[in-house]
Amino acid sequence: MVTVENVTKVFQIPHERTKTLYHKLTNLFHSSYSYEKFFALQDVSFNVKKNEFLGIIGRNGSGKTTLLRIIAGIYQPTSGNIFVKEEITPFLEIGVGFQGDFTVRENIYINGALLGFSRKEIEKRFNNIIEFAELENFKDIKLNKLSAGMQVRLAFTIAIQSHAPILIVDEVMAVGDTIFQKKCRELFWEYKKQGRTVIFVSHDLGSVKEYCDRVIVLHKGQVVKDGNTEDIIKYYKEQILLQ
Amino acid sequence: MSNAAFSVRKSYNIIRELALADFRMKYHDSVLGYFWSLLNPLLQFVVLHFVFSYLFVVEVPKFTFYLLSGIVFWNFFHDATLSGMNAVYAKASISKKIYFPRNLIIFSSTATALISFIINTSILWLVVIVFDHFSINQFLIVIPFLSILLLAMGTAFLLSVFYVYFRDTIQIWLVCLNVGFWLTPIVYNALTAPLPLKMVALFNPVGRILIMLRSFLVYDDFPSVEFMVTTFVFCIVFFVVGLWLFNKHSHKIVEYM
């Protein structure tokens, strides 16, 4: 379903931030433009099979989010290839395509359109979304006035409307109360039953253990381990977390 | 990549939802609401009309309609180019989370500006019909209308590419717009202007579009076919080049934000 082939992503971190034309021009005469190369991902290869629930774990800054963004088509790899056979719905860093100064209603319509729904289809789902996210009294409130928990609930509810066969889930459990987490749990089991392909990123090793058929460990931008869930989590605890 | 079938229908839905939400947001919190977008060009018109009818008299036949049409079209160009450039930044919260063709950002911000433009142009036309004349030729204003639409989008695409690399593009462009207002025959007649100004005004695509517009709308005559064709073709080419460059750089737009 998803094949990642020798993907490398390099970010250039300038020593001096030159963002304006004025700076660029003056820098032409003074010092040369210098930057450091930061390898966010180095030669990453793996594939995700159909119906697989794949976990990706790694410490902060290990390149998980960059990898997900590349799979979702938001970033382009510096080198290497990505092949995605089916439609993907990303649910990255506790959010979908939200804009804070739009109302809840507008954000639902925009994200519905981004997921490929027509206006009628969104209208049909609108009340369900509001109900599931428990936002009955906040339909026409600007999104950035909602609490973080409310925003996550809304984002989650919108993302699960999608019928895309591949789902990317990044750190959903981190925010949200027990009731919300229970909803997530039920949903993930439902996905497993339906045989959907899910790429799951979490720091919560408990839930990784619960859902994932296979786990990959990212460390400093490289895949250091790829295999069955129990072994990998054991390895991760012993080798990476205790370092 | 996950470009999996971005159908025209899906793109259209995204443009519509973004444009409508932007339009609502722009006028939602103000008392006068949408009337602001009418009031603004109207006040501009009143001031310029006063200055150039009483203080420095310009010899332009039917000056009232001449000036009003110039302001309506110029304001669209002004708003569409500026908001297009802003949108790339303002929509980063969305484009960092989910993939969609990045050029839809510019299409939707132009669509927002287009809503006001259509209303203002209709009012302009109505004013001409009520206070001056009606002619079947006035339907030809669709040519300058489309021309300025293409030109504004092409410009917004180019500016957005610059904006990713140079954050002061907005300031520079604001200055350009200020100067451009006076280098475009909005308050004076291009054909009777002093030679250097005349050349600039005639080579300026917005100026050429305005000449077409006023021929059809105000003076009921035709510029030469050659003049119309070159202007329209220029706008199409400009749009295509802008879109092409934007698409070429579009993946960087998200990464640099």
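The values are calculated or read from the model by the stated rules, or taken from the named source; none is laboratory data. Just so it is clear, the model here is predicted, and its values are computed rather than measured. Note: ideal-geometry Cβ built from the backbone for every residue, glycine included; neighbour counts use all protein chains shown.
Kindly indicate whether any position in region B:25-45 is aliphatic (A, V, I, L, M) and crowded, with 17+ Cβ neighbours inside 10 Å. If you could, list the steps in order and put the result at the bottom.
Going residue by residue through region B:25-45, those that are aliphatic (A, V, I, L, M) are B:25, B:31-32, B:38-39, B:42-43.
If we keep only those that are crowded, with 17+ Cβ neighbours inside 10 Å as well, we get none.
No, that holds for no residue.
Pick out, from region B:142-257, the helices (runs of 4 or more DSSP H) lying fully within it that include 2 or more residues that are within 14 Å of chain A (Cβ to nearest Cβ), of a type in the set (Ser, Thr, Tyr) and within 27 Å of residue A:74 (Cα to Cα).
Working: elements: B:142-165, B:169-183, B:195-203, B:205-214, B:225-255.
Because the criterion is at least 2 residues that are within 14 Å of chain A (Cβ to nearest Cβ), of a type in the set (Ser, Thr, Tyr) and within 27 Å of residue A:74 (Cα to Cα), the helices (runs of 4 or more DSSP H) in region B:142-257 that meet it are B:142-165.
Residues in region A:57-92 that are in contact with a Leu (Cβ under 6 Å, 6 or more places away or on another chain) and part of a strand (DSSP E or B): A:89 only.
Of (1) touching a strand residue (DSSP E or B) at 6+ places or on another chain (Cβ under 8 Å); (2) over 22 Å from residue A:190 (Cα atoms); (3) modelled with pLDDT under 90; (4) not β-branched (Val, Ile, Thr), residue A:149 satisfies all except one. Which? With (1) touching a strand residue (DSSP E or B) at 6+ places or on another chain (Cβ under 8 Å); (2) over 22 Å from residue A:190 (Cα atoms); (3) modelled with pLDDT under 90; (4) not β-branched (Val, Ile, Thr) applied to residue A:149, the lone miss is (1). Of all the listed residues (A:112, A:73, A:80, A:100), the sole one being within 10 Å of chain B (Cβ to nearest Cβ) and on the phi > 0 side of the Ramachandran plot is A:73.
Yes/no per residue for (1) under 16 Å from the mean Cα position of the chain (by Cα); (2) at pLDDT below 90; (3) within 14 Å of chain A (Cβ to nearest Cβ); (4) closer than 27 Å to residue A:97 by Cβ:
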residue	(1), (2), (3), (4)
B:27	no, yes, yes, yes
B:32	no, yes, no, no
B:41	yes, yes, no, no
B:44	no, no, no, no
B:51	no, no, no, no
B:58	no, yes, no, no
B:70	yes, no, no, no
B:82	yes, no, no, yes
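The residues in region B:62-91 that are surrounded by fewer than 21 Cβ atoms within 10 Å (Cβ to Cβ) and among the aromatic types (Phe, Trp, Tyr) can be counted, and the count is 3.
Of all the numbered requirements in (1) buried (at least 21 other Cβ atoms within 10 Å of the Cβ); (2) among the basic types (Lys, Arg); (3) within 12 Å of another protein chain (Cβ to nearest Cβ); (4) more than 12 Å from residue B:98 (Cα to Cα), residue A:119 misses one, and that requirement is (1). Against the test of being under 15 Å from the mean Cα position of the chain (by Cα) and under 30 Å from residue A:65 (Cβ atoms), the options B:166, B:157, B:162 yield a single qualifying residue, B:157. Among the residues that make up region A:170-190, is at least one of them over 30 Å from residue A:101 (Cα atoms) and in a loop (DSSP other than H, G, I, E, B)? Scanning region A:170-190, I find no residue that is over 30 Å from residue A:101 (Cα atoms) and in a loop (DSSP other than H, G, I, E, B), so the answer is no. Could we say that residue B:104 is of a type outside the set (Lys, Arg), more than 13 Å from the chain's Cα centre (by Cα) and crowded, with 21+ Cβ neighbours inside 10 Å here? Yes: the conditions hold for residue B:104.
Determine which member of the set A:236, A:211 is surrounded by 13 or more Cβ atoms within 10 Å (Cβ to Cβ) and more than 20 Å from residue A:1 (Cα to Cα). Even if it seems obvious, please write down each step before you answer.
Numbers: A:211 fails: more than 20 Å from residue A:1 (Cα to Cα).
Checking each option against the conditions leaves just A:236.
Candidates are the residues of region B:104-137 that are in contact with a Phe, Trp or Tyr (Cβ under 6 Å, 6 or more places away or on another chain) and polar (S, T, N, Q); the one that is nearest to residue B:73 (Cα to Cα) is B:112.
Residues checked against (1) touching a strand residue (DSSP E or B) at 6+ places or on another chain (Cβ under 9 Å); (2) under 30 Å from residue B:220 (Cβ atoms); (3) free of Cβ contacts under 8 Å to residues at least 60 places away in the same chain:
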site	(1), (2), (3)
B:6	no, no, no
B:9	no, no, yes
B:12	no, no, yes
B:15	no, no, no
B:24	yes, no, yes
B:27	no, no, yes
B:45	no, yes, yes
B:66	no, yes, no
B:70	no, yes, no
